[in-house]
1. Would you say Gly15 is under 23 Å from Ala90 (Cβ atoms), part of a helix (DSSP H, G or I) and either without any contact (Cβ under 8 Å) to a residue 24 or more places away in the chain or outside the structural domain of Lys173 (by TED's automatic domain parsing) (or both)?
2. Take the stretch 228-262 and flag every residue that is closer than 20 Å to Ala217 by Cβ, among the aliphatic types (A, V, I, L, M) and surrounded by fewer than 20 Cβ atoms within 10 Å (Cβ to Cβ).
3. Quick check on Val54: is it at negative phi, assigned by TED's automatic domain parsing to the domain that holds Ile123 and over 21 Å from the mean Cα position of the chain (by Cα)?
4. Search the stretch 270-290 for residues that are assigned by TED's automatic domain parsing to the domain that holds Ala232 and pair each with any residue that is of a type in the set (Ser, Thr, Tyr) and assigned to a loop (DSSP other than H, G, I, E, B) when their beta-carbon atoms are under 7 Å apart and the residues are at least 6 apart or on different chains.
5. For the stretch 44-86, give me each residue that is among the aliphatic types (A, V, I, L, M), closer than 30 Å to Pro110 by Cα, out of contact with any Gly (no Cβ under 6 Å at 6 or more places or on another chain) and in a helix (DSSP H, G or I).
6. Looking at (1) modelled with pLDDT under 95; (2) farther than 22 Å from Pro260 by Cβ, find the lone condition where Ala186 falls short.
7. Would you say Asp84 is touching a strand residue (DSSP E or B) at 6+ places or on another chain (Cβ under 6 Å), under 24 Å from Ile154 (Cα atoms), at pLDDT 95 or above and of a type outside the set (Lys, Arg)?
8. In contact with an Asp or Glu (Cβ under 9 Å, 6 or more places away or on another chain), in a helix (DSSP H, G or I), of a type in the set (Lys, Arg) and not assigned by TED's automatic domain parsing to the domain that holds Tyr256: is that true of Lys109 in this structure?
Amino acid sequence: MGIETVGVIGAGQMGNGIAHVFALAGYDVLMMDIDPAALDAALGIIRGNLDRQVARDKIAPADRDAALARIRTTTTLSDLGPTDLVIEAATERETVKTAIFEDLVPHLKPETILTSNTSSISITRLASRTDRPERFMGFHFMNPVPVMQLVELIRGIATDDETYRTCLGVVEKIGKTASGSEDFPAFIVNRILMPMINEAVYTLYEGVGNVESIDRAMKLGTNHPMGPLELADFIGLDTCLAIMNVLHDGLADTKYRPCPLLTKYVEAGWLGRKTERGFYDYRGDTPVPTR
C-alpha cells in the first residue's frame with residue numbers, strides 16, 4: 001500500500017526526530033502529544049535541527065521550509081485516524097503504549113499500519129491488544145533520529161509480508177537503512193548494547209575504575225565515539241534500567257540482572273542529561289563525573 005500521511009504519537013526527543021525525517025522526505029506528518037507545550041517545543045527543536053542542516057549544506061533552505069510546512073500538530077489522538085502509517089513514540093512503558101493503541105484503534109482506517117518505536121517491548125504482545133496484528137510491527141529508530149542511519153524493523157508473530165515490505169520501502173524513502181529483527185527481548189541493538197552499558201556500571205560499582213577511566217578506556221581502547229557511561233546518560237538511565245529489566249524478565253538469565261548502582265541512580269532521579277545529573281553532573285559549563 002502507498003504511504004502518504006504519517007501520524008507520530010509523542011513529541012519528545014524521538015517523536016520530534018521522527019517527524020523531522022518524515023517531513024523532510026516528503027510525507028505529510030501529524031504529530032500528536034497530550035501536552036501543547038511539548039508540541040511547541042518539538043516544533044522549535046525541529047526548526048533548529050533543520051537550520052543546522054541548512055548551515056552545513058546538507059539541505060537547501062527551500063527543503064527546510066517545505067518540511068516545516070508538512071508538519072501539523074494536535075493534542076487529540078483520534079485526529080490520527082485518517083493517516084496511512086502511525087508511529088507510536090511515547091514513553092517506554094507497556095501500559096502507556098497499550099492504552100494509546102486501545103484508544104486509537106476505533107478511529108483508524110482498516111488499512112492503516114500501526115507501529116511502535118519501542119526499544120525493547122514485545123511487538124507480538126503490543127499487536128495482540130489491537131484489531132490489526134497482521135498490520136503491526138516495530139519501527140525502532142536510533143537516537144538522534146536525523147543523524148543515525150539505522151532503523152530496526154521488528155516483525156511480530158502475526159505481521160504479514162505486505163506490511164513488512166511497505167515499512168521497508170518507507171525506510172528507504174526517508175534515506176535510512178533497515179535491519180530486520182525477530183521479536184525477542186530488546187531486539188538486536190539493545191540486546192547487545194545494554195548489557196555492555198550494564199557491565200560498565202558494574203565495573204564502576206565494584207571499584208575497578210571510576211567514571212572517567214571507564215569511559216576513557218572504551219573510547220581510546222575500542223574506538224567508541226562515546227564512553228558507555230556517557231552514552232547511558234545520553235540515552236537516559238531510566239530507559240537503560242527499563243530495557244535491562246525487559247531482558248532479565250524475558251530471558252530469565254542472571255547475566256542480564258541490572259546493576260544495583262544503576263537502580264540507585266534511577267531511584268535518586270539522576271537519569272542523565274535530561275535531569276542534568278547521572279554518571280556526570282551537567283549543571284556547570286563542563287560535565288563532571290559523579291563518581
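The values are calculated or read from the model by the stated rules, or taken from the named source; none is laboratory data. Keep in mind the model is a prediction, meaning the values are calculated, not measured. Counting neighbours? That spans all protein chains shown, and the Cβs are built from the backbone with ideal geometry, glycine included.
1. Values: under 23 Å from Ala90 (Cβ atoms): yes; part of a helix (DSSP H, G or I): yes; either without any contact (Cβ under 8 Å) to a residue 24 or more places away in the chain or outside the structural domain of Lys173 (by TED's automatic domain parsing) (or both): no.
No, not satisfied.
2. The one that is closer than 20 Å to Ala217 by Cβ, among the aliphatic types (A, V, I, L, M) and surrounded by fewer than 20 Cβ atoms within 10 Å (Cβ to Cβ): Leu261.
3. On the way: at negative phi: yes; assigned by TED's automatic domain parsing to the domain that holds Ile123: yes; over 21 Å from the mean Cα position of the chain (by Cα): yes.
Here the answer is yes, as Val54 does meet what is asked.
4. Between residues of the stretch 270-290 that are assigned by TED's automatic domain parsing to the domain that holds Ala232 and residues that are of a type in the set (Ser, Thr, Tyr) and assigned to a loop (DSSP other than H, G, I, E, B), the close pairs are Arg273/Tyr282; Glu276/Tyr282; Arg277/Thr290; Phe279/Thr290; Tyr280/Thr290; Asp281/Thr290.
5. Keep residues of the stretch 44-86 that are among the aliphatic types (A, V, I, L, M), which gives 45-46, 50, 54-55, 59-60, 62, 66-69, 71, 77, 80, 85-86.
After this cut, where a residue has to be closer than 30 Å to Pro110 by Cα as well, the list is 66-69, 71, 77, 80, 85-86.
So of that shortlist, the ones also out of contact with any Gly (no Cβ under 6 Å at 6 or more places or on another chain) come out as 66-69, 71, 77, 85.
Passing the criteria: Ala66, Ala67, Leu68, Ala69, Leu77.
6. With respect to (1) modelled with pLDDT under 95; (2) farther than 22 Å from Pro260 by Cβ, Ala186 is out only on (2).
7. Numbers: touching a strand residue (DSSP E or B) at 6+ places or on another chain (Cβ under 6 Å): yes; under 24 Å from Ile154 (Cα atoms): yes; at pLDDT 95 or above: yes; of a type outside the set (Lys, Arg): yes.
The answer is yes for Asp84.
8. Numbers: in contact with an Asp or Glu (Cβ under 9 Å, 6 or more places away or on another chain): yes; in a helix (DSSP H, G or I): no; of a type in the set (Lys, Arg): yes; not assigned by TED's automatic domain parsing to the domain that holds Tyr256: yes.
So Lys109 does not fit the description; no.
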